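Student: Please read through the structure below; I'll follow up with questions.
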Amino acid sequence: RFVSSVCPLGNHANSKQPPPQEEQQSSSTTTTTTTTPLIPKRLWNALCIQSNIQSDTTWGNISKKQIRSLSNSLTNLVVYMSGKGIFKEEFVTAGGISTKDVNMSTMSSKKMDGLYVCGEVLNVDGVTGGFNFMNCWSTGFMAGVGAATFVIGESL
């Protein structure tokens, strides 16, 4: 079991600043045609389905229960892993940016200010037994938080 926040910017409970504002959605816009720069469309659609929101539901007709469910999915997504893939040895590709050139706590480049890297962009290789996904998700989360902190200028 893996629990993750799809939208780490959504948790502003301890912040004195309001969360960044997205473009206001029309009440006649369907939830699944909503676009956001923070969440890929396929993931957004999967989160809507997980929250029991039908594809033809408009924002004007969404229930409070569905909104709470979607909010929970965004900030506390549970993913169950059932085992390894079909290959006997999972491995990552070699090559990429040296980890010596990356601040591993923020995933920022030591050579270029404002550049954040993650996953297979990094020079890591070896038999991983399927843990490459975890590496990609973890470094992706750290890079996202690091980049957001860089852009808005405050720690998240």
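The values are calculated or read from the model by the stated rules, or taken from the named source; none is laboratory data. In this text, all values refer to a predicted model and were calculated from it rather than measured experimentally. With ideal geometry, Cβ positions are generated from the backbone for all residues, glycine too; neighbour counts draw on all protein chains shown. Keep in mind that these areas ignore ligands, DNA and RNA; they rest on the heavy atoms of the full protein, side chains included. Shrake-Rupley method; radii C 1.70, N 1.55, O 1.52, S 1.80 Å.
Student: Multiplying the sequence separation of ASP113 and PHE150 by 0.36 nm and subtracting their Cα-Cα distance, what value in nm do you get?
Tutor: Fully extending the segment from ASP113 to PHE150 adds 12.4 nm.
Student: I would also like to ask the following. Give me the extension gain from VAL79 to ASN61: residue separation times 0.36 nm, minus the current Cα-Cα distance, reported in nm with one decimal.
Tutor: 3.7 nm
Student: Ordering ARG68, ARG42 by how much accessible area each has at a 1.4 Å probe, largest first, what is the list?
Tutor: Most to least solvent-accessible, the answer reads ARG42, ARG68.
Student: What residues have an amide H closer than 5 Å to that of LEU122, excluding those fewer than 5 places away on the same chain, when H is modeled at 1.01 Å from N in the peptide plane?
Tutor: Amide H neighbours of LEU122, under 5 Å, 5+ apart: ILE97.
Student: Quick one: net charge of ASP101's neighbours, Cβ under 10 Å, K/R +1, D/E -1?
Tutor: +3
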